[in-house]
Amino acid sequence: MASVRIRQAEEGDCGNILKLIRELAEYEKLSDQVKISEEALRADGFGENPFYCCLVAELLPAPGEPQGPCVVVGYGLYYFIYSTWKGRNVYLEDIYVKPEYRGQGIGSKIIKKVAEVALERGCSQLRLTVLDWNKGAMDLYKALGARDLTEAEGWHSFRFEEEAMRELAGK
Amino acid sequence: MAKFVICPAPATHCSDILRLIKELDLFIMSDYRGFGIGSQILKNLSQVAMKCRCSSVHFLVAEWNEPSINFYKRRGASHLYSKEGWRPFKIDKEYLLKMAGEE
């Protein structure tokens, strides 16, 4: 079993993160929705007012192996949101581990690290969305204490896409 | 028809905002619906979103709240559950503490 370290992403990780974002979108069968560029990821995550935070999971070299850049095998991208009922929340936008590294608890380690950060920042909830056919992911989140808000309370996700937003804005 | 203006909330309005949050929770019917205030708030929000280079607006709606669902759909919102199968999940603080406390 590979030894893995979870750490805060640095600007130099953006190329690898973008590759993993595309892998995740492909897994979710929604590849055509990925419009983001590496430049945007850098600017939005490492500029003056970051829009997101990101953790990466990287493989540590085995003892005796040469030290060099570690391979990034997973990531968790999150940001802070606000609940008018509960106050500060964290939203886990993406969590992904490359298929060949699954089953080793890396996903759980990433979520635990996000939970630690969230608590340090005074958050009372961690929110995320999951596709209804993604049973593996739903089982993982439920094992960590998550509740399906559609099932439990009847909440449904909606979105105004860019075109609809422009129309609303009157542009 | 009442005249109204939409503007960013100053800190001095927090107790009013909290009262409205609680009204929403108790489903009190407001005397001020039907004047286009909701639409104007949404318009202002979209303008702010575009200025900040956001590409979409995400939100949750209760499945029984037909007037709100129709309001958003009429304005072009996609229902992500029926369209793509997305379900919102949450992990409450007690489980965050449990996770953070584990080795």
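Neighbour counts of other C-beta atoms within 10 Å: give me B:99, A:165 arranged from fewest to most.
Values: B:99 21, A:165 24.
In order of increasing Cβ crowding within 10 Å: B:99, A:165.
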Given a 10 angstrom Cα cut-off, can you work out which residue in B:18, B:60, B:42 is the most mobile in a GNM of chain B? B:18
Please provide three numbers in whole Å: the alpha-carbon extents of the stretch B:3-100 along the principal axes, with the largest listed first. 50, 35, 32
Using the basic label-point model (7 angstrom from Cα toward the beta carbon), what is the residue A:67 to residue B:71 distance in nanometres? 5.9 nm
With 0.36 nm assigned to each residue of separation and the Cα-Cα distance removed, residue A:140 to residue A:35 gains 35.0 nm
Could you pull out the trypsin sites (Lys or Arg not before Pro) across the stretch B:20-103 that fall in loop regions by DSSP (anything but H, G, I, E, B) with no more than 14 other Cβ atoms inside 10 Å? B:33, B:53
Two pseudo-spin positions, 7 Å from Cα along C-beta at residue A:116 and at residue B:37, lie apart in nanometres by 4.6 nm
Can you work out ³J(HN,Hα) from phi for every residue in the stretch B:11-21, in order, using Karplus 6.51 cos²θ - 1.76 cosθ + 1.60 and θ = phi - 60°, giving whole Hz and x for Gly and Pro? 4, 5, 8, 4, 5, 5, 4, 5, 4, 5, 4
For residue A:142, list the lysines whose Cα falls under 20 Å from its own Cα; do not include residues on the same chain fewer than 8 positions away. A:109, A:112, A:113, B:90, B:93, B:98
I want to check the label-to-label distance for residue B:62 and residue B:24. Put each point 7 Å from Cα in the C-beta direction and report it in nm to one decimal. 1.2 nm
Give me B:13, B:79, A:156 ranked fewest to most by other Cβ atoms within 10 Å of their Cβ, as a rough exposure proxy. B:13, B:79, A:156
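Considering all alpha-carbon pairs of the stretch A:30-171, what whole percent are spaced by more than 18 angstrom?
When all Cα pairs of the stretch A:30-171 are counted, 68 percent exceed 18 Å.
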Taking the protein assembly as shown as the region of interest, what is the percent of Cα-Cα pairs per 5 angstrom bin, listed from the shortest bin to the one with the maximum distance? 1, 5, 10, 14, 17, 17, 14, 9, 6, 3, 2, 1, 0, 0, 0, 0
Rounded to the nearest 0.05, what FRET efficiency do residue A:49 and residue A:83 have when you use their Cβ-Cβ distance and R0 = 25 Å? 0.70
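The numbers here are math on the coordinates, done by the rules we state, and not lab data. Remember, predicted model here, so these are calculated numbers, not experimental data. Neighbour counts run over all protein chains shown; Cβ positions are idealised from the backbone, glycine included.
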